[in-house]
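To keep things clear, I will list the structure first and then write my remarks on it.
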Amino acid sequence: MAVFQLPSLSPEISLRFTPRPLDFSNRRRTTLFRPLSAIGDSGSSEPDSESQNRMFILGMGYVGGFFAQQLKEADWLVSGTCRSDTKKKEWEKRGIDLNLFSADSPELSLIDSVKDYTHLLISIPPSAGIGDPMLRNVELVRDKLSGGNLQWVCYLSSTSVYGDCGGAWVNEDHPPNPKTQSAKLRLAAEEGWLSLGRDLGVSTQILRLGGIYGPGRSAIDTLLKRERLSEGQKKRASRKFTSRVHVEDICQALQAATEKLPSGEIYNVVDDDPAPREKVFEYALELIETRWPGTIETKPFPFVYESREESSLRGEKRVRNEHMKNKLGVKLLHPSYKSGLQSIIEKMDNPF
Ligand SMILES: NC(=O)c1ccc[n+]([C@@H]2O[C@H](COP(=O)([O-])OP(=O)(O)OC[C@H]3O[C@@H](n4cnc5c(N)ncnc54)[C@H](OP(=O)(O)O)[C@@H]3O)[C@@H](O)[C@H]2O)c1
């Protein structure tokens, strides 16, 4: 077997992927968008109050980053937050200005900037002992955002809020029953943002995401990096059902959600195939073997079986996505991990 070493994955890898431009042509605009570069020229970092489409992404992570690139290609003004100077500089090179923001020492003056944006996407997960960093000071945030330009708020949540459903199919009407601390904080954050959105009178949506994968973050990447599966991953591998969704499909759902004005809607954003992780890794290995025969050592996956208590804490469920398809009109690009992984490997440079 050939031994190979991959360079460590950086955010560059996920950003190398060129997303499909969004078609926002059916969106009414009253004025033309002013590009970021023009703002740089005028020496001001404030968005043009005349422009219509301006997205602020609290937490420019994996999903936020993909969506930001698509929005930028569709001429939206985009900004957001991250926690490190290095990341801020990387985004500057791509023409997106970020603010440094950490839940541990939140700078709430940030909200003064947010109120100039028309759209707000929240992608920062709640932290233990803190919850959602913005909702900790909800009165202040409400005061500052009232009377601003905000029209739309979307919170990226997780299907973990359903808790254990004994493997049953669940849709958005299924009462949430979070078991883990992080899932309880998620549900509290959902409720907090819905309530804040109501108070502000802006369209507010919740997207409950399954396990996120895509370029730079997939079973193929894990195998190519020859990473040992973490204990958590090994245990999740033994579950019967794992809901997942490709980042391109999350971006489709987000794009469609920006067009929806009815407020308070919750959408599960998952694919059609809640297959066990073990199957996904087997398929990823098959794809690597086909594309680069003999280059990767075939290894058995050391899956660990969860105890009954652990399994019920994490929760077995199959998550339905009809609401996303019917109400948002999303046609999944990757209804199963198979097409998702295929598209990832097709776009990959030779890693050897
Ligand atoms: N991964 C999954 O499979 C999955 C499944 C369901 C839901 N979700 C949730 O969906 C959302 C988007 O997922 P993702 O994979 O795109 O997330 P991600 O890549 O981890 O990005 C999260 C973003 O939040 C920021 N952030 C994290 N902790 C923070 C803190 N304590 N204070 C301030 N900022 C903080 C990160 O800052 P930096 O940029 O500085 O790192 C990053 O920009 C997240 O809320 C995630 O938890 C994830």
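Exactly one residue among L77, L58 is within 22 Å of A253 (Cα to Cα) and more than 10 Å from the ligand (Cβ to nearest atom), and that residue is L77. Would you check if A188 is surrounded by fewer than 17 Cβ atoms within 10 Å (Cβ to Cβ), in a helix (DSSP H, G or I) and not hydroxyl-bearing (S, T, Y)? Yes, satisfied. Regarding R94, is this residue more than 19 Å from the chain's Cα centre (by Cα) and closer than 24 Å to I212 by Cα? Criteria met by R94. Listed by first and then second residue, the pairs with beta-carbon distance under 8 Å, at least 6 apart or on different chains, first residue in the range 126-144 and closer than 13 Å to G192 by Cβ and among the acidic types (D, E), second open to solvent by less than 60 Å² (accessible area, probe 1.4 Å) and part of a loop (DSSP other than H, G, I, E, B), are D132/I124; D132/P126. Among residues belonging to the range 80-107 that are touching a helix residue (DSSP H, G or I) at 6+ places or on another chain (Cβ under 8 Å) and over 16 Å from G61 (Cβ atoms), point out the one that is farthest from the ligand (Cβ to nearest atom). Applying the filter and picking the extreme gives G95. Residues that are modelled with pLDDT under 90, of a type in the set (D, E) and within 22 Å of the chain's Cα centre (by Cα) do occur in the range 246-269. If the condition is being open to solvent by 10 Å² or more (accessible area, probe 1.4 Å) and away from the ligand (no atom under 16 Å from the Cβ), then the range 204-225 contributes only K225. Within the range 118-130, the set of residues being touching a helix residue (DSSP H, G or I) at 6+ places or on another chain (Cβ under 7 Å) and either modelled with pLDDT of 95 or more or farther than 23 Å from S158 by Cα (or both) comprises H119, L120, L121, I122, S123, P126. Only one entry of V170, V141 meets the criterion of being closer than 16 Å to I266 by Cβ and within 16 Å of the ligand (Cβ to nearest atom), and that entry is V170.
Being more than 10 Å from the ligand (Cβ to nearest atom) and buried (at least 18 other Cβ atoms within 10 Å of the Cβ) is a property that I122 lacks.
Here K72 does not qualify as within 7 Å of the ligand (Cβ to nearest atom) and closer than 23 Å to I212 by Cα.
The values are calculated or read from the model by the stated rules, or taken from the named source; none is laboratory data. This structure is a prediction, so every number in the text was calculated from the model and none was measured. Virtual Cβ from ideal backbone geometry, glycine too; neighbours counted across all protein chains shown. Quick note on the areas: whole protein, heavy atoms, side chains included, nothing else; ligands and nucleic acids left out. Shrake-Rupley method; radii C 1.70, N 1.55, O 1.52, S 1.80 Å.
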